[in-house]
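The values are calculated or read from the model by the stated rules, or taken from the named source; none is laboratory data. Because the structure is a prediction, the values reported are computed rather than measured. No Cβ is skipped: glycine too gets one built from the backbone with ideal geometry, and neighbour counts run over all protein chains shown.
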Amino acid sequence: MSTDKQKFKMMIGERVENEKEAVRLLHDSMGKTNNTVIRLLLYQLALDSTKHEHMLRAISKLLETPSKEQFRWEGEEFRKAIENHVEVEREMLEGFEKIVDKTEDKRVRFILEDIISDEKKHHAIMKRVHELVCEGEKVKDEKWWDFLFRYSRLTG
Ligand SMILES: [Fe+2]
Ligand SMILES: [Fe+2]
């Protein structure tokens with residue numbers, strides 16, 4: 001690995017530590033208020049930081065491996081697991097769609113609608129993963145990146 005690449009990798013490592021520290025601080029601040037909504041928002045930021053940490057770890061991994069070795073066609077066991085996730089996400093989405101109209105409370109509806117938009121995204125992601133891993137041929141790298149761009153930009 002060239003010095004530039006090593007430096008870049010170290011910078012990614014520093015970002016990981018930074019996100020972990022943010023999680024600690026956010027949890028700490030959550031303990032200082034009893035406001036339900038503020039606590040929820042702080043917690044969501046902490047979850048985002050954990051997500052960023054994992055994204056950064058994925059970058060570190062990608063930096064170590066040539067691109068073509070990253071994505072392979074998956075075996076039967078994994079394909080079955082993904083089929084199950086497609087159903088689980090569908091059930092979650094339908095479950096929330098059923099209860100969202102049962103309340104008049106705007107605050108509650110707002111939160112439930114936010115969950116519904118997440119569940120729609122989760123279901124679409126799982127359906128697309130299923131399509132990709134069930135293809136008989138080796139999935140091309142570009143297809144994965146196209147997929148990631150369209151469906152799994154969870155920061156949206
Ligand atoms: Fe972050
Ligand atoms: Fe979900």
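Quick one: Lys5 ticks every box in (1) touching a residue at least 40 places away in the same chain (Cβ under 8 Å); (2) away from ligand 1 (no atom under 14 Å from the Cβ); (3) surrounded by 14 or more Cβ atoms within 10 Å (Cβ to Cβ); (4) of a type outside the set (Gly, Ala, Ser) bar one, so which box is it?
(3)
Taking Phe110 and the conditions (1) at pLDDT 90 or above; (2) under 19 Å from the mean Cα position of the chain (by Cα), which numbered condition does it fall short on, given that it satisfies the others?
The single condition Phe110 does not satisfy is (2).
With respect to Met1, determine if the residue is more than 23 Å from Trp144 (Cβ to Cβ) and either assigned to a loop (DSSP other than H, G, I, E, B) or within 18 Å of the chain's Cα centre (by Cα) (or both).
Yes: the conditions hold for Met1.
Specify which of the listed residues (Leu112, Leu40, Leu93, Leu45) is in a helix (DSSP H, G or I) and surrounded by fewer than 14 Cβ atoms within 10 Å (Cβ to Cβ).
Checking each option against the conditions leaves just Leu40.
Is region 56-65 home to any residue that is part of a helix (DSSP H, G or I) and modelled with pLDDT of 95 or more?
Scanning region 56-65, I find at least one residue that is part of a helix (DSSP H, G or I) and modelled with pLDDT of 95 or more, so the answer is yes.
Restricting attention to region 25-38, does a residue exist that is within 20 Å of the chain's Cα centre (by Cα) and either within 24 Å of His123 (Cα to Cα) or among the acidic types (Asp, Glu) (or both)?
There is no residue in region 25-38 that is within 20 Å of the chain's Cα centre (by Cα) and either within 24 Å of His123 (Cα to Cα) or among the acidic types (Asp, Glu) (or both).
Considering only region 97-109, state which residues are more than 24 Å from Arg150 (Cα to Cα), surrounded by 11 or more Cβ atoms within 10 Å (Cβ to Cβ) and either within 12 Å of ligand 2 (Cβ to nearest atom) or not polar (S, T, N, Q) (or both).
Passing the criteria: Ile99, Val100, Val108, Arg109.
Here's the yes/no breakdown for (1) within 25 Å of Glu142 (Cβ to Cβ); (2) in contact with a helix residue (DSSP H, G or I) (Cβ under 9 Å, 6 or more places away or on another chain); (3) in the same structural domain as Ser117 (by TED's automatic domain parsing):
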site: Asp28; (1), (2), (3): no, no, no
site: Ile38; (1), (2), (3): no, yes, no
site: Ser60; (1), (2), (3): yes, yes, no
site: Ile82; (1), (2), (3): yes, yes, yes
